[in-house]
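Working notes, beginning with the structure itself.
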Amino acid sequence: MPDVDDLPELLLDLAVPHEDINVLVGRRGLVTRDAGTRRLLEECVEELVRDVGVEAGDAEGARRFGERLAEAPEALGGYFAAYVFVAALPWTRAYHEERGVPAEVTRHTLADLGRNMASHRRRYGTGGVRAPRWLVHHFRGELYQLGRLQFERATVGERTAPVLRAAGMDAVPGEPALALHVPDFRGPLTPAACDRSLALAERFFRRHFPEEPYRAAMCHSWLLDPQLKGYLDADSNIVRFQERFRVAPRDTEPADEEPVRFVFGDPSLPVDDLPRRTSVERAVGDHLRAGGHWYVRYGWFPL
């Protein structure tokens, strides 16, 4: 663990919210002074970095990692995961340096820790790491923030392949494909910002992962639900984003919580109370209030 003088600077590099920094520095001793907690930290870091650099790393290991985090003392609250990611930072940075990843890309990518903590506070009103298993991808070198979008080194799965084939992609299980993600707290999803991200990604993966030929980008998101076009203007950012993709038929099960989580920050909010301040808020809430459902859709486009 970094000492109390170095820890604040590292937390700032990871975009940890300012209101959480003093708490993390103050509770550091709860991790380092107790032998059991220190051993748990070491074991969690070992689990996290075991697959550094492995494309589509061990999913079972990620599950175990999440379970071990839950063993942390109650006094640390939801902050224990943050200490684990800070302690794992040297391994992640070393892998990025080995691959020649620019320091700016490393910083922007790992700043998702701070974004995740901001989401936790927005939903629960307290400090903590909201989805630590999601951050495994970042700290294992699988995912990179390149401009407005995030790109994950992935492969087409056995269940994903037929879905993508239904959308017109000649998908083969096991072939490389970039999974595209849209992070929060990054401003509008403008076409120009997406174009810039895609150009950055093309150069980035060709230079730093030349052995992995990516011929397609795929996305699994409520943002690809065509029903949004019934509520948003044709030139809206979300509709323009959708038009990049060839979208597969929808899943049979609705996913109403997904847009509520990402638009309003809390999937448990009562539908009748959802605000109507923006066009997206009105679209999500009005559709649900009218008895409709939202669906997560698979889409892809060639690179």
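Every number here is computed from the coordinates shown, using simple stated rules; none is lab data. Since the model is a prediction, treat every value here as computed from it, not as a measurement. Every residue, glycine among them, receives a Cβ derived from its backbone with ideal geometry; neighbour counts consider all protein chains shown.
Taking the Cβ of Leu180 as the center, what net charge do the other residues with Cβ under 11 Å away carry, scoring Lys and Arg +1 and Asp and Glu -1?
Around Leu180, the surrounding residues sum to +1.
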Rounded to the nearest 500, what is the 222 nm mean residue ellipticity of the chain from helices alone, with -39500 (n - 2.57) per DSSP H run of 4+ residues and division by all residues? -14500 deg cm²/dmol
Can you pull the one-decimal nm distance between simple spin-label points at Arg64 and Val4, each 7 Å off the Cα toward Cβ? 3.6 nm
Gaussian network model of the chain, Cα within-10 Å springs - most flexible of Leu274, Leu11, Leu223: Leu274
For segment 254-261, in order, what is each residue's ³J(HN,Hα) by Karplus, 6.51 cos²θ - 1.76 cosθ + 1.60 with θ = phi - 60°, in whole Hz (x at glycine and Pro)? x, 9, 5, 5, 4, x, 5, 4
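R0 = 35 Å: FRET efficiency of Glu281 with Ala166, Cβ-based, nearest 0.05?
0.65
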Under a 5 Å amide H to amide H cut-off, with H placed in plane at 1.01 Å, what residues pair with Gly141 once short-range neighbours are removed? Gly53
Restricted to the chain, the DSSP antiparallel beta bridge percent, nearest 5, is 85 percent
Residues other than Arg123 with Cβ under 9 Å of its Cβ, Lys/Arg counted +1 and Asp/Glu -1, net out at +3
Expressed in angstrom and rounded, the centroid-to-centroid distance over alpha carbons for segment 123-152 and segment 64-101 is 12 Å
Note down the nm distance, to one decimal, between modelled labels 7 Å out along Cα→Cβ at Arg107 and at Asp251. 3.7 nm
Can you match volume of the Cα convex hull per residue in Å³ to one of these, (i) 125; (ii) 136; (iii) 156, based on a calculation from the structure here? (ii)
Segment 1-149: C-alpha pair distances exceeding 26 Å, %: 18 percent
